[in-house]
Amino acid sequence: MTKREKFLAELGTKDTGSPCAGARRLAADDDPIDPAAASDAPSCALDRARHKMMETDQWNAAQLMGRRWPIGCVALEITQRCNLDCTACYLSENSEAVHDLPLEEVFRRIDLIYSHYGPDTDVQVTGGDPTLRRRSELIEIVRRIRDRGMRPSLFTNGIRATRDLLRALAAAGLMDVAFHVDMTQQRRGFDSEIALNALRRDYIERAHGLGLSIFFNTTVYAGNLNQMPEVVRFFVRNANAVSMASFQLQADTGRGVLGARAPCITIDAVKQQITLGAGGPLSFEAIQVGHSQCNRCAMAFVTNARVYDMLDNRRLVTDIAEATSWVLFDRQNHAALVRAFVIALLAKPIVFARGLVWLIRKIWLAKADLLAARGKVHKLSFFIHNFMDACALDQNRVEACTFVAITDDGPVSMCLHNAIRDAAILKLLKISGAAGEAFWNPLSGEVEPGAGAPMTVSRSPKTAKGRLKALGVDRRSDPR
Ligand code: SF4
């Protein structure tokens, strides 16, 4: 019996919530990559990603996984605690009772990410809300990721992400900050997505000018779908600061009370709302990131608050993607990025010439706006992410997953992780030291004696609300 099978067998006998049979079967099938075999990352990681795309029938000229990237991004959950209680939350009912992972274990997981995917991997420092972790530890975690040559991003609801903290994190090597803001968070004093734009503006001001790329995450559900165009208009108006707007479709997973999504919440519906807000067509099918049912991505340039599609010539886009697959996307230094692209394209003169013709046409089309904006141009990406319901996981999509969470066993598809979160967060963690084998208990935060230590996994008597109260956090009292 493998380690994972053993734990899942135990899971069935514990009061940890009841993940549905499909998720448990997928977890048992999921065969984590042996870190020793993964040590020759990144080229092997790229090969593995390409094979995954082929095996799952997702390999085509537009596919970036296995061509440019071995993985989209890896979530590193450094706490399970949160100071909000979103109605679409992916955390577990047990999350608030779980102590923060020891720093050494977080560092071990960072090394595990590196051993699987190599340098330049995008690592989301997330939770819960990662800013609830001790400030000095958060800074050390970010520094460690950057020291390993990977790219740390902070995923936060922003409440505790002060400018001072962001400045310290930027100095430690943080590259991006992604603020999650939407109506599922029930922030006091905000009764619509349009009202929340004031909070988004505040967050932009906190992060702008620190050398960080600024992203926004928005959960889309029936209650805010029709407000999305206004949210998109806000991002367009602030394209000088915001570089990515990501939209997640509500999914029936975790402790959130919203449950199953309404039939109106589809990838196409969100695409339509984004397009409405952008004020013109955007190409969401020119590039593919992972499974076609999971992700959509569009890129635009914005000048004079007008949006121009960057991916409207599909053949040219795939030819450029192929020719520049080795170029690193330097989000901090656009000039360097453009230079690297041009150098790569000079090796393919025909593709370069076609690209130049496309660019001249675009400039001509945008000439009035370019003049009005005195030549200022900003790039804005739109991403749509279609998480799966915990009880309706599609094995093919899980296998082609581009967004994984790192667990003590290795990377696991985020949808699968959310579906069986308790299995990972309530697990006794084996710690080896000079005194021999011991176990870290996530519910007590204590290290317990060696082999044979009893599984003390059980639902905490504290509710999420009670735990927040014990922490001195009233989730409604501080809307930011
Ligand atoms: S997390 Fe889920 S929706 Fe996202 S890429 Fe992975 S399988 Fe697809």
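The values are calculated or read from the model by the stated rules, or taken from the named source; none is laboratory data. Keep in mind the model is a prediction, meaning the values are calculated, not measured. For neighbour counting, all protein chains shown are included, and Cβ atoms are generated from backbone atoms with ideal geometry for every residue, glycine included.
At-a-glance table
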{"item": "Pairs, first in contact (Cβ under 8 Å) with a residue 24 or more places away in the chain and within 13 Å of the ligand (Cβ to nearest atom) in the range 405-419, second acidic (Asp, Glu) and part of a strand (DSSP E or B), C-beta under 7 Å, six or more apart", "result": "ALA405/GLU77"}
{"item": "Conditions (1) in contact with a Lys or Arg (Cβ under 9 Å, 6 or more places away or on another chain); (2) under 22 Å from ALA239 (Cα atoms); number of the one not met by MET388", "result": "(2)"}
{"item": "Condition check for ARG354: of a type in the set (Lys, Arg) and in a helix (DSSP H, G or I)", "result": "yes"}
{"item": "Subset of the range 111-126 [farther than 18 Å from TRP69 by Cα and buried (at least 23 other Cβ atoms within 10 Å of the Cβ)]", "result": "VAL125"}
{"item": "Residue list for the range 250-270, filter: closer than 20 Å to MET299 by Cβ and under 19 Å from the mean Cα position of the chain (by Cα)", "result": "ILE267, VAL270"}
{"item": "Strands (runs of 3 or more DSSP E) lying entirely in the range 235-323 (those with 1 or more residues that are away from the ligand (no atom under 16 Å from the Cβ) and in contact with a His (Cβ under 6 Å, 6 or more places away or on another chain))", "result": "295-303"}
{"item": "VAL232 vs. criteria of a type in the set (Val, Ile, Thr) and in contact with a Gly (Cβ under 7 Å, 6 or more places away or on another chain)", "result": "yes"}
{"item": "Of all residues in the range 370-380 being more than 20 Å from the chain's Cα centre (by Cα) and not in a loop (DSSP other than H, G, I, E, B), the one that is nearest to the ligand (Cβ to nearest atom)", "result": "HIS378"}
{"item": "Some residue of the range 43-64 being among the acidic types (Asp, Glu) and at pLDDT below 95", "result": "yes"}
{"item": "Residue within the range 193-202 that is crowded, with 21+ Cβ neighbours inside 10 Å, in a helix (DSSP H, G or I), in contact (Cβ under 8 Å) with a residue 24 or more places away in the chain and polar (S, T, N, Q) present", "result": "no"}
{"item": "Subset of the range 420-446 (residues that are among the charged types (D, E, K, R), closer than 15 Å to GLY254 by Cβ and more than 16 Å from the ligand (Cβ to nearest atom))", "result": "ASP422"}
{"item": "ILE145 vs. criteria modelled with pLDDT of 95 or more and crowded, with 17+ Cβ neighbours inside 10 Å", "result": "yes"}
{"item": "Residues of the range 71-108 satisfying the condition of being closer than 17 Å to ASN418 by Cβ and of a type in the set (Lys, Arg)", "result": "ARG81"}
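Conditions (1) of a type outside the set (A, V, I, L, M); (2) surrounded by 24 or more Cβ atoms within 10 Å (Cβ to Cβ); (3) part of a loop (DSSP other than H, G, I, E, B), marked per residue:
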site	(1), (2), (3)
PHE382	yes, yes, no
CYS391	yes, no, yes
ARG397	yes, no, no
ALA405	no, no, no
VAL412	no, yes, no
CYS415	yes, yes, no
LYS427	yes, no, yes
ILE431	no, no, no
